[in-house]
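Here is the structure we will look at, set down as structure tokens.
The values are calculated or read from the model by the stated rules, or taken from the named source; none is laboratory data. If you're wondering where the values come from, they're calculated on a predicted model, not measured in any experiment. Ideal geometry is used to build each Cβ from the backbone, glycine not excepted, and the neighbour counts take in all protein chains shown.
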Amino acid sequence: MNILKKMCVILLGSILLSIGINFFLVPFELLDGGIIGIGLIIKYLTGIKPGLAIILLSVPIFALAWFHNKSYFYNSLHGMLFSSFVIDLLAPSRSILPEFQIPAVFSSILGGIFVGLGIGIMLRHETSTGGTDLLAQFLSKIFKINVGILIFIIDALVICLGGLLLSKETFFLSCVTITVVGLFTSLCTWNIKGSNIKTS
């Protein structure tokens, strides 16, 4: 894929991801899984910008990728940096636009749709926002457990942590969100063979 097309894909994916997070997840303190979810927990508890938190949390994962999986490093670094920047860049627009007067459960679904589409579009064009899948791949080799199961476990732990630190409502609605994210990511990446990049 040429550079211009890849940048357009990253821009579109990042905007969709940012809309899902800023307009539908953040107002109700909802979570996605993986690194994005941990970044949102940090934002809710400390006020630190989630994009900045995602970048800082991703440093050890990308360091690991640099030494053990350079294709993952190159395919994901620009997507992670740009999407994190856009998440923080668009955050102030919540105060400019009228608040969405919708129930939390619908917000969790709509947030999941936007996040899933953003992630899926990038994955379909062989880029991503990075995530915890590299860690899952290494743990899979150590413990001989399917990598998909480990990714699911990591996401579940993030959601459970959010439930403990934030609220039971956060836990249940975030379960809805990650289910919808997974569905729409899968729809976007349907018929792609050999893709093992999963973002969070």
Problem set entry | Verdict on Phe73 being assigned to a helix (DSSP H, G or I), within 16 Å of the chain's Cα centre (by Cα) and over 24 Å from Cys175 (Cβ atoms) | no
For this session: Search the range 108-140 for residues being part of a helix (DSSP H, G or I) and β-branched (Val, Ile, Thr), and hand back the single one that is surrounded by the fewest Cβ atoms within 10 Å (Cβ to Cβ).
Result: Ile109
Problem set entry | In the range 165-188, the residues that are without any contact (Cβ under 8 Å) to a residue 12 or more places away in the chain and either crowded, with 18+ Cβ neighbours inside 10 Å or among the charged types (D, E, K, R) (or both) | Lys168
Problem set entry | Exclusive hit being within 20 Å of His125 (Cβ to Cβ) and in contact with a helix residue (DSSP H, G or I) (Cβ under 7 Å, 6 or more places away or on another chain), set Ser107, Ser84, Ser71, Ser76 | Ser84
Exercise. Taking the range 171-198 as the search range and keeping residues that are touching a Leu at 6+ places or on another chain (Cβ under 7 Å) and among the hydrophobic types (A, V, I, L, M, F, W, C), which one is modelled with the highest pLDDT?
Worked result: Leu173
For this session: Sort through Ile42, Ile3 and tell me the only one that's of a type in the set (Val, Ile, Thr), more than 20 Å from Gly182 (Cβ to Cβ) and buried (at least 17 other Cβ atoms within 10 Å of the Cβ).
Result: Ile42
Exercise. Looking only at the range 26-58, which residues are within 12 Å of the chain's Cα centre (by Cα) and of a type outside the set (Val, Ile, Thr)?
Worked result: Leu31, Asp32, Gly33, Gly34, Gly37, Gly39, Leu40, Pro50, Gly51, Ser58
Problem set entry | Selection count where residues are among the polar types (S, T, N, Q), over 18 Å from Met80 (Cβ atoms) and part of a helix (DSSP H, G or I), scope the range 1-28 | 0
Exercise. Counting just the residues of the range 155-164 that are touching a Ser or Thr at 6+ places or on another chain (Cβ under 7 Å) and in contact (Cβ under 8 Å) with a residue 40 or more places away in the chain, which one comes out surrounded by the most Cβ atoms within 10 Å (Cβ to Cβ)?
Worked result: Asp155
For this session: Considering every residue within the range 94-115, establish whether at least one is small (Gly, Ala, Ser), over 19 Å from Val26 (Cα atoms) and without any contact (Cβ under 8 Å) to a residue 40 or more places away in the chain.
Result: no
